[in-house]
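Worksheet: one structure, shown below.
All of the numbers you see were taken from the coordinates with simple rules; none came from a lab. Values in this document were obtained by computation on a predicted structure and should not be read as measured data. In this analysis, Cβ positions are derived from the backbone assuming ideal geometry, glycine residues included, and neighbour counts consider all displayed protein chains.
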Amino acid sequence: MRRVDLRGEVCPFTFVRTKVAMEDMEPGEVFEIITDHEPAVRDLPRSLEAEGHEVISVEEAGEQEWRIVVRKKAD
């Protein structure tokens, strides 16, 4: 599974970096996003779902760190 490591990034750059990383992914591919920016835990899933991607899970991965698992939408 691919990982998009966004630790140290803040909104809106978390979304921008996720979009750039997704350009090289296949439709239907599942990937994980790691972030330490708490607002991104709310905003990223909402923005990705609004674009048609499936947010599979959002969970704590450690102290001040979260893991968001996403399936890229099929074209």
Discussion item. Would you confirm whether or not the stretch 55-74 contains a residue that is among the aromatic types (Phe, Trp, Tyr) and touching a residue at least 40 places away in the same chain (Cβ under 8 Å)?
Written reply: no
Practice prompt. Taking the options Glu32, Glu26, Glu49, name whichever one is charged (D, E, K, R), surrounded by 13 or more Cβ atoms within 10 Å (Cβ to Cβ) and not in a strand (DSSP E or B).
Written response: Glu49
Worksheet, complete the sentence: Considering the stretch 13-23, residues that are touching a residue at least 24 places away in the same chain (Cβ under 8 Å) and out of contact with any strand residue (DSSP E or B) (no Cβ under 7 Å at 6 or more places or on another chain), and then whichever is farthest from Lys72 (Cα to Cα), we arrive at Phe15
Practice prompt. Go through the stretch 31-67 and give me each residue that's among the aliphatic types (A, V, I, L, M) and farther than 15 Å from Val10 by Cα.
Written response: Leu48, Ala50, Val55, Ile56, Val58, Ala61
